[in-house]
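Taking it in order: structure first as structure tokens, then the write-up.
The values are calculated or read from the model by the stated rules, or taken from the named source; none is laboratory data. Given the structure is predicted, the values throughout are model-derived calculations rather than measurements. With ideal geometry, Cβ positions are generated from the backbone for all residues, glycine too; neighbour counts draw on all protein chains shown.
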Amino acid sequence: MLREELLVKRRGIPQERKAEMDSAICKRLMTLMCVRYADDVLSFSPLKYEVGVTDFNKYLLEQGKNLYLPACLAGNGQMEFRLVRKGEALEKGKFSIMEPSKNAPVFHEQGQSVCIIPAVSFDSEGYRLGYGKGYYDRFLSGTNTVRVGVVYTEMMSSTRLPRGRYDVAVDIIVTEKSVLTVNNVRK
């Protein structure tokens, strides 16, 4: 299966090289116009082999941005994004992903927002291969936020990824080497 092959490939990236690529991706994210002008930035808590955006998340807090991280809700395949308060500890949620507390304010779209989206792979049209649960697609279908995918260059698919009618493409893809605008949106 394609997902498993790509996950094995991603796990094979040496930690030192991964750290360098993570740093380059974070720096590129920090320069995006859509991030600079966003009121709210929805990011994620990276799992071990995902793109490490922790430095980017810290940068957002230092810049006074409203940083939201996802929380998968029990039983219904939905997720919500909760506000991160500077200095407040995250807690382990569903799938052992670190998330803000259940009492943290929930993101409600108003003003300009950007959502940073992890993936196993993206294709050149902005469609992603995730873990197959559909959390991001369900969330993104109900929002107008600018969608920014992050992935390592070697994990980009050179062919069209499988997609269904509910899959949602990103607007921008950021790798350690480039920023690719997929849909007509300001970087």
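Odds and ends about this structure:
- One residue stands out in segment 58-83 among those that are of a type in the set (A, V, I, L, M, F, W, C) and farther than 11 Å from VAL106 by Cβ: the one that is farthest from the chain's Cα centre (by Cα), namely ALA74.
- Some residue of segment 30-44 being buried (at least 21 other Cβ atoms within 10 Å of the Cβ), closer than 24 Å to LYS86 by Cβ, modelled with pLDDT of 95 or more and among the hydroxyl-bearing types (Ser, Thr, Tyr): yes
- Members of segment 45-77 found to be modelled with pLDDT of 90 or more, in contact with a helix residue (DSSP H, G or I) (Cβ under 6 Å, 6 or more places away or on another chain) and not in a loop (DSSP other than H, G, I, E, B), listed by number: ASP55, PHE56, TYR59, LEU67
- For segment 78-187, no strands (runs of 3 or more DSSP E) sit wholly inside it while including 3 or more residues that are free of Cβ contacts under 8 Å to residues at least 24 places away in the same chain and buried (at least 18 other Cβ atoms within 10 Å of the Cβ).
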